[in-house]
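The values are calculated or read from the model by the stated rules, or taken from the named source; none is laboratory data. Bear in mind the structure is a predicted one, so any value in this text is a computation, not a measurement. Cβ coordinates were reconstructed from backbone atoms using ideal geometry, including for glycine residues, and neighbour counts include every protein chain displayed. The protein model used for the area step is the full one, side chains on, heavy atoms only, and it has no ligands, DNA or RNA in it. Shrake-Rupley method; radii C 1.70, N 1.55, O 1.52, S 1.80 Å.
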Amino acid sequence: MSEPFVLGVNYWPRRKAMYWWSNFDREEVREEFAIIRELGLKMVRIFLLWEDFQPAPDVVSTESLRNLETVCDIAAENGLGLNVTFFTGHMSGPNWAPGWLLQGAPLPKARQLVSGGQVVNSGYRNPYTDPLALSAERLQLSTVVSALKDHPGIAVWNLGNEPDIFAVPPSDADGQNWVRDMTRLIKEIDPKHPVTCGLHVASLRDNVGLRVDQVFAETDFGVMHAYPMYASYARGPLDPDFVPFTCALTRYLSGKPVLMEEFGGCTVAPGEPSTTWNWLAYGQPREQFMASEEDFAAYIQAVLPRLVEVGATGALLWCFADYIPELWNRPPCEESRHERFFGLVRPDGSLKPHAEVLRTFAATQPIVLPTPLKNPVFNITPDEYYQHPFENMVKLYSQYLS
């Protein structure tokens, strides 16, 4: 029997962004999940901001856990499944860390770090190897999974959001061992729900200690996050083949089914043409493509059937909402100005054109193809690939397009 191609969205509320859990409002979630349901989407990926869920290494916040259960209830009421992402971690430019994790000086070229609601100048413990961090992670997993393993709102457990951006494992073996240990812990408590880990293009482009073949050998399925506007080797910021290619390559290298867990783009105001913005971000010049709403809708319309063709199991757009202007002077929106405008809905809550593209595509009830229509054979082993990942990725994309 054919499996449905899962359509969904990554979620932060438009009025709260990363300050959601510390200022929780159930009616806000109820209102926004109803919009997601009405668009015909089925999965919502949410993020457990580490500081909010674990204020101390030996404490999981009962209030945040209660609020998470409320989100699960609302999801179930709307027929939505939650992709619950632990240890967040990296998010939308900055890294976010609980105070107890801070240690030492920041690494060279470290990202902006937010802790306690403030930008701080600090390093932090390595979450893959530090004993205190590992003990805290196991506590968070065991507490949350034990509390919600039987909840109908749960669809997927996820070990992180682009975790290499937050911290790099000392070695490939350390990265794989961490994923193996955390997955086993979840499975001991909850053998029913699948487990994955939110890797992105860096795990294909570079060797960051989290190889797609090694990480997804330990999980139930693979995922990928990809944006042509961040890839110099794509054919442009709205290249419709780049995202499906990364899915196909991940599937080939890992041998696992792959969910396109995060893709999307930022848009300018209604009626404005596609353009490029320039500003100073984190003290450095930043250049960023900003799509017109119409051009971006056409891009999404082109990508979705291509993802079906390569055998992807689904597609989750980044992200639900543009953020209201009251958030623009706080991380991440203050420095990462483009992060204000990635949403399906505008700051006032109105739908952008690509939301209607998703609704129309969902109404066709797409399925996962057991035999992909486009199933490239790249003729390279994972070990060979990771000897020169960037060069191999560029070469294989050219092959994919030919």
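Summary of values
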item: Normalised alpha carbon radius of gyration of region 1-99 [divisor 2.2 N^0.38 Å]; result: 1.12
item: Gyration tensor verdict on the chain (Cα atoms; rounded if a/c is under 1.5, prolate if a/b is larger than b/c, oblate otherwise); result: rounded
item: In the chain, lysine pairs with alpha-carbon atoms under 21 angstrom apart (chain gap of 8 or more, or interchain); result: 10
item: For Phe390, solvent-accessible area (1.4 Å; no DNA, RNA or ligand), Å²; result: 80
item: Listed peptides 191-204, 111-124, 363-376 by packing density, highest first (mean Cβ within 10 Å); result: 191-204, 111-124, 363-376
item: Under 5 Å, built H, 5+ apart or other chain: amide partners of Leu7; result: Lys42, Met43, Ala315
item: Rounded accessible area of Ser22 (nearest 10 Å², 1.4 Å probe); result: 80
item: Residue-wise HN-Hα coupling along region 269-279, computed from phi with Karplus coefficients 6.51, -1.76, 1.60 (Hz; x: Gly, Pro); result: 5, x, x, 8, x, 4, 7, 10, 9, 10, 7
item: Label-point separation in nm, Ala269 to Glu356, each point 7 Å along Cα→Cβ; result: 2.1
item: Residue (of Leu139, Trp12, Thr129) at the positive-pole extreme of region 1-160, dipole from beta-carbon charges; result: Thr129
item: Amide H contacts under 5 Å for Cys197, placed H, 5+ residues apart; result: Leu159, Val223
item: Positive-end residue, the chain charge dipole about Cα centroid, Cβ charges, pick of Ser61, Thr371, Gln112; result: Thr371
item: Under 13 Å from the Lys374 label point (7 Å along Cα→beta-carbon), backbone N, region 380-402; result: 397-402
item: Peptides ranked, highest mean first, by Cβ atoms within 10 Å: ranges 319-328, 346-355, 271-280; result: 319-328, 346-355, 271-280
item: Euclidean distance of C-alpha centroids, region 303-343 and region 204-276, integer Å; result: 13
item: Computed [θ] at 222 nm, deg cm²/dmol, the chain (DSSP H ≥ 4; -39,500 (n - 2.57); rounded to nearest 500); result: -10500 deg cm²/dmol
item: Percent accessible area from carbon and sulfur atoms, the chain, protein chains only, probe 1.4 Å; result: 51
